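The values are calculated or read from the model by the stated rules, or taken from the named source; none is laboratory data. Note that the coordinates shown come from a computational prediction; the quantities given were computed from them, not determined experimentally. Every residue, glycine as well, gets a Cβ built from its backbone with ideal geometry; the counts of neighbours run over all protein chains shown.
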Amino acid sequence: MTEYTEKIREISKKLLIDKSVDLIIGFRKGTVPMMNEPCFIKHPDEVGRLVWDSHCGINLANYLPNRKERIGILAKGCDSRNIAIHIVENKIKRNQIKIIGIPCRGMLDKRKIASSVSGEIVEAVEDKATVKVSGNGFSTSFDKQEMLQENCKVCKHRNPVIYDELVAEPVPEQQDVDPYEDVRRIEGLSDSEKRKFFEDLISECIRCYACRNACPLCYCPTCFVDESRPQWVGKSIEPTDTLTFHFLRAYHCAGRCTDCGACERACPVGIRVRQFTKKLNKDCFDLYGWEAGLTIDERPPLDTYRPQDPNDFIK
Amino acid sequence: MKIATITKDAWPNAMEKLSKACRLYGPVKKEQFHSFEVLDNGQIPDFNFQNTRISPKFLVQPQSEIMFQCTFDQNREDHHILKEIPKSDSPRTVIGIRPCDADAFLLVKRNFNSQKYKDPFWMGAYESLTLVGLACHQPCTTCFCTSAGSGPFSETGLDILMVDDGDRYLAKIITSKGEDIAAAAGWTEAPEERGLLEKIGEMKEASEKKITTSVATEHLKNKSTIPLYEAAFWEDVSFSCINCGTCTYVCPTCWCFDIQDECFGLTGIRMRNWDSCMYPLFTLHGSGHNPRGTKLHRVRQRFMHKLKYYVDKYNNGIQCVGCGRCISQCPVNIDIRRVCELMNASETP
């Protein structure tokens, strides 16, 4: 995907020169291997700082809410879906943004790559199908498909769903992927086994809230865990409080989560945060045939009522 | 200066002896990452790591620490009176702590043990520790300890410095606490001390050469605070920040905490928890006003505290030991080396 860089710069320059946007939100080259930093560009002469590769997993839609400028923003499939959600939820206006769509082949999981080699990775170079990482005394190539983020492996919307510009021809969407294999396994557990599963899942949580803050959906002016009058949730790392945080956050995302993987990417201790949100994505799909962020013309299912909504849960 | 040699064959035996003498902590790999954990009797610490994910600061300042307790039972004479919870500050030894992390304890101590304030909880926990360090032969590319007042072989804050020498460790015994631990472990002084010191010196030099990045800090102290505070670059620096607390939570020198009361039934506790200047709640006033209401305010605060206010207040360098955790773990790649460079080289007076 590195070949997108030139096209991104070209489109960004054009948008800045013809003054259709005030700034471009994209990525600049990171200071460590397999990382790029979200940045903004305001001047056409600075577009050379923009880059694109398979380490642009951060969801840029997170940088949109409540901004007043006219913005050009790079968007993979998932980012574009989150932008659609922002538009529906009035966090940004459609006519305020120019979406530079990026057909995405999936983002690389830097933790997985790092744990597949012994030693610190000093350099990572990618071509179309492989990523080559090297460090002190080793150099290994991996098939990119093998090293994708877990959410990218099961993604069915790699192409942007809304855009104003497209940097390349759409990529083929993945067929025959089963996004909910793990959810079904958890559904099959007994109540006590489920409880244990989730307690184990969060046992390393340090309540830094990186998952929440990386999530484009979590834009509440004051998060429920930060409310102090009254205080709903304890502040220590008591497992009940930590579980309350994760479950409630997930429920707040029901019907809105695009499975972009931002939460898992951001977690410093490697918690598989998507195990919480995926169940709700699956329920929304099973009950309402709904996938979040595919349209700006419809409100999410938990926001609307239809007489034919399933009500089997009322016994 | 005494140097003991410990063959790796004899290492399990030493661990066994030590775990009888005190509580032992060491690096252990749990799933993906290494962290400092209590070592069970005879458990061998895993030295196959560069830096632990979370710094060992929690050994002295736990993420959540109960300080006081009280009862609400009106039938008890002492109801509603907060009482200090007795702490077990029995001796603890940390095996394999990195020199930067040990250095960080001394840096943080300036805050918890000042002329004006002594923090009994922090000091009690700190004084119970004996630190047996493990020198770094293979620093990370994100390490910049040598320009942050520390180093891969730094002895500051350590009681013993161990150096991996192939099939054995060379242990430089630095303090009397270190001598006690060496005696308990059965580590005896090596006869050929002179040559060993030189050998350690050579390895130190070789390791320091492997640190490829640095921060320049020489102008920070002389900069005027207000122009630096108002510098234009903060917008660019703070843009990508998502205001999670990862950098502050993994940092060995971030010491801020928040005090919370909780009650359950007839028992109340007062505890302190790690807090983070990245959080909006950190400075929220009772009135509802927040003097650091935007992320730019908060990001600037973190760097100004570490690289300017601390420098001015203590005249002892920056509030950072260069462990690089915030760089490698920041989910959006904000790099303190870059920010330090911007601050140090800024054109502000």
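The single condition among (1) at pLDDT 95 or above; (2) exposed (fewer than 14 other Cβ atoms within 10 Å of the Cβ); (3) closer than 30 Å to residue A:267 by Cβ that residue B:212 does not meet is (1). Annotation note: Cβ proximity below 6 Å between a residue of segment A:81-93 that is more than 14 Å from residue A:218 (Cα to Cα) and a residue that is not in a loop (DSSP other than H, G, I, E, B) (sequence gap 6+ or interchain) occurs for A:87/A:94; A:92/A:86.
Check B:42, B:26 and return the single one that is on the phi > 0 side of the Ramachandran plot and touching a residue at least 12 places away in the same chain (Cβ under 8 Å). Criteria check complete, one pass: B:42. Considering segment A:270-299, and only residues there that are within 20 Å of residue A:209 (Cβ to Cβ) and of a type outside the set (D, E, K, R), the residue that is surrounded by the fewest Cβ atoms within 10 Å (Cβ to Cβ) turns out to be A:270. Select from segment B:29-79 the residues that are farther than 18 Å from residue B:130 by Cα, of a type in the set (A, V, I, L, M) and in contact with a Phe, Trp or Tyr (Cβ under 9 Å, 6 or more places away or on another chain) and write down the one among them that is farthest from the other protein chains (Cβ to nearest Cβ). So the residue we want is B:67. Evaluating residue B:188 against the criteria (1) under 30 Å from residue B:4 (Cβ atoms); (2) surrounded by 20 or more Cβ atoms within 10 Å (Cβ to Cβ); (3) hydroxyl-bearing (Ser, Thr, Tyr) leaves one unmet condition, (2). Within segment B:24-64, the set of residues being over 17 Å from the mean Cα position of the chain (by Cα) and charged (D, E, K, R) comprises B:29, B:30, B:31, B:40, B:46.
Restricting segment B:262-280 to residues that are surrounded by fewer than 16 Cβ atoms within 10 Å (Cβ to Cβ) and at pLDDT 95 or above, which is farthest from the other protein chains (Cβ to nearest Cβ)? The residue in question is B:266. Got at least one residue in segment A:222-231 being within 11 Å of chain B (Cβ to nearest Cβ) and either assigned to a helix (DSSP H, G or I) or in contact with a strand residue (DSSP E or B) (Cβ under 7 Å, 6 or more places away or on another chain) (or both)? There is at least one residue in segment A:222-231 that is within 11 Å of chain B (Cβ to nearest Cβ) and either assigned to a helix (DSSP H, G or I) or in contact with a strand residue (DSSP E or B) (Cβ under 7 Å, 6 or more places away or on another chain) (or both). What is the residue count in segment B:166-178 for residues that are surrounded by fewer than 17 Cβ atoms within 10 Å (Cβ to Cβ), of a type outside the set (Gly, Ala, Ser) and out of contact with any helix residue (DSSP H, G or I) (no Cβ under 7 Å at 6 or more places or on another chain)? Going through segment B:166-178 one residue at a time, the tally reaches 1. Output yes when any residue across segment B:281-294 is modelled with pLDDT of 95 or more, farther than 30 Å from residue B:70 by Cα, more than 10 Å from every other protein chain (Cβ to nearest Cβ) and buried (at least 16 other Cβ atoms within 10 Å of the Cβ), and no when none is. Checking segment B:281-294: at least one residue is modelled with pLDDT of 95 or more, farther than 30 Å from residue B:70 by Cα, more than 10 Å from every other protein chain (Cβ to nearest Cβ) and buried (at least 16 other Cβ atoms within 10 Å of the Cβ). Do we find that residue B:155 is assigned to a loop (DSSP other than H, G, I, E, B) and among the charged types (D, E, K, R) in this structure? Taking the combined requirement at face value, the residue satisfies it. Does segment B:319-328 contain at least one residue that is among the basic types (Lys, Arg), surrounded by fewer than 17 Cβ atoms within 10 Å (Cβ to Cβ) and either out of contact with any Lys or Arg (no Cβ under 6 Å at 6 or more places or on another chain) or part of a helix (DSSP H, G or I) (or both)? No.
Filtering A:267, A:211, A:253 for residues that are more than 9 Å from chain B (Cβ to nearest Cβ), buried (at least 18 other Cβ atoms within 10 Å of the Cβ), of a type outside the set (S, T, N, Q) and in contact with a helix residue (DSSP H, G or I) (Cβ under 6 Å, 6 or more places away or on another chain) leaves a single hit, A:253. A single member of A:258, A:242 is among the polar types (S, T, N, Q), in a helix (DSSP H, G or I) and in contact (Cβ under 8 Å) with a residue 12 or more places away in the chain, and it is A:242. Looking only at residues that are more than 15 Å from residue B:252 (Cβ to Cβ) and touching a Pro at 6+ places or on another chain (Cβ under 9 Å) in segment B:296-329, which one is nearest to the other protein chains (Cβ to nearest Cβ)? Among those that are more than 15 Å from residue B:252 (Cβ to Cβ) and touching a Pro at 6+ places or on another chain (Cβ under 9 Å), it is B:298.
So, residue A:272, is that one assigned to a loop (DSSP other than H, G, I, E, B) and either touching an Asp or Glu at 6+ places or on another chain (Cβ under 7 Å) or at pLDDT below 95 (or both) or not? Judged against the criteria, residue A:272 is a match.
Candidates in segment B:2-34 are the residues that are modelled with pLDDT under 95 and hydroxyl-bearing (Ser, Thr, Tyr); of these, the one that is farthest from residue B:187 (Cα to Cα) is B:19. When only residues in segment A:118-139 that are under 25 Å from the mean Cα position of the chain (by Cα) and buried (at least 19 other Cβ atoms within 10 Å of the Cβ) count, which is nearest to the other protein chains (Cβ to nearest Cβ)? Step by step, filter segment A:118-139, then rank; the result is A:121.
The number of residues in segment B:224-255 being free of Cβ contacts under 8 Å to residues at least 40 places away in the same chain, within 14 Å of chain A (Cβ to nearest Cβ), of a type outside the set (Asp, Glu) and out of contact with any Lys or Arg (no Cβ under 9 Å at 6 or more places or on another chain) comes to 1. Evaluation of residue B:14 against the conditions (1) touching a Gly at 6+ places or on another chain (Cβ under 7 Å); (2) aliphatic (A, V, I, L, M); (3) without any contact (Cβ under 8 Å) to a residue 40 or more places away in the chain shows that the sole unmet condition is (3). For segment B:107-120, the criterion of a residue being small (Gly, Ala, Ser) and surrounded by fewer than 23 Cβ atoms within 10 Å (Cβ to Cβ) is satisfied by at least one position. Just name the residue that is nearest to residue A:74 (Cα to Cα) out of those in segment A:165-208 that are assigned to a helix (DSSP H, G or I) and within 14 Å of chain B (Cβ to nearest Cβ). Among residues in segment A:165-208 that are assigned to a helix (DSSP H, G or I) and within 14 Å of chain B (Cβ to nearest Cβ), the one nearest to residue A:74 (Cα to Cα) is A:201.
Restricting the first member to segment A:200-228 and to residues that are at negative phi, and the second to residues that are part of a helix (DSSP H, G or I) and among the aromatic types (Phe, Trp, Tyr), the beta-carbon pairs closer than 7 Å and six or more apart or on different chains are A:206/B:249; A:208/B:249; A:225/A:245.
Selection within segment A:20-67: residues that are of a type in the set (Lys, Arg) and in contact with an Asp or Glu (Cβ under 9 Å, 6 or more places away or on another chain). The member of this set that is surrounded by the fewest Cβ atoms within 10 Å (Cβ to Cβ) is A:42. Tallying residues that are under 16 Å from the mean Cα position of the chain (by Cα), farther than 30 Å from residue A:94 by Cβ and part of a helix (DSSP H, G or I) within segment A:140-163 yields 2.
Do we find a residue being within 15 Å of the chain's Cα centre (by Cα) and closer than 19 Å to residue A:17 by Cβ anywhere in segment A:83-95? No, there is no match, as no residue in segment A:83-95 is within 15 Å of the chain's Cα centre (by Cα) and closer than 19 Å to residue A:17 by Cβ.
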